[in-house]
Amino acid sequence: MSDELRDLYQEIILDHNRRPRNFGALPGANRHAEGHNPLCGDRIQVHLHVDGGRVQGISFEGAGCAISTASASLMTEALRGKTVDEAHALFHGFHELVTRGGGDPADLGKLAVFTGVREFPIRVKCATLAWHTLEAALEQKDQPISTE
Ligand code: ZN
C-alpha cells in the first residue's frame, strides 16, 4: 500500500470516528444485538430494520476506540438497502480482508480503508466487532456476543 493511500484510509477512519454516521436509536427497528470486545473495551449495539429480506434501516450506539467506531459507522453506510444475503456476503468479504487480506478490496468499496488493520491483530477485533454484532442481529441471537 502506498503512503498516499495509507494516509487517505487513515483520514477516512478518523473522520468516521469524529462524526459517526447512523449513530443513535433506530425508530421501527425490529432486530437488535449487543457486542463487546473485552480486549479493548469496545461496546456496541446494532439496530436493524429488516423487511422483505432487505436492510431498510440500520444504526448503532455504544462507545469504543476509533477503529471500532469508524468500522461501525462505515458498516452502516455499506449495508443500508442491501439484502440480508448481500449483508452476509459483505461480512465475509470484510472478515477476509482484515484477517487474511484475501478477496478484492475494490468489491468492498470504502470498507477497504481497513486493509491495514490486518497488520495489527489486536485491532482486528476492534474492526470486526460491529460486523459480528450485525451477524448476531441478523440471526436474532438473544445472548450478547463477545469477541472472546
Ligand atoms: Zn477497539
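Among the residues that make up segment 81-96, is at least one of them under 15 Å from the mean Cα position of the chain (by Cα) and at positive phi? For segment 81-96, residues under 15 Å from the mean Cα position of the chain (by Cα) and at positive phi: absent.
Restricting attention to segment 25-50 and to residues that are crowded, with 17+ Cβ neighbours inside 10 Å and among the aliphatic types (A, V, I, L, M), the residue that is nearest to the ligand (Cβ to nearest atom) turns out to be 44. Scanning segment 61-85 for residues that are more than 11 Å from the ligand (Cβ to nearest atom) and open to solvent by less than 10 Å² (accessible area, probe 1.4 Å) yields 73, 74, 75, 76, 79. Among the residues of segment 1-24, those that are part of a loop (DSSP other than H, G, I, E, B) and open to solvent by less than 80 Å² (accessible area, probe 1.4 Å) comprise 2, 20, 21, 22, 24. Would it be correct to say that residue 147 is of a type in the set (S, T, N, Q), under 19 Å from residue 6 (Cα atoms) and either at pLDDT below 95 or touching a Gly at 6+ places or on another chain (Cβ under 7 Å) (or both)? Against the criterion (of a type in the set (S, T, N, Q), under 19 Å from residue 6 (Cα atoms) and either at pLDDT below 95 or touching a Gly at 6+ places or on another chain (Cβ under 7 Å) (or both)), residue 147 does not qualify.
The values are calculated or read from the model by the stated rules, or taken from the named source; none is laboratory data. Here the structure is a predicted model, which means the values were calculated and not measured. Heads up, the Cβs are rebuilt from the backbone with ideal geometry, glycines too, and the neighbour counts pull from every protein chain shown. The area values use the complete protein model at the heavy-atom level, side chains included, leaving out ligands, DNA and RNA. Shrake-Rupley method; radii C 1.70, N 1.55, O 1.52, S 1.80 Å.
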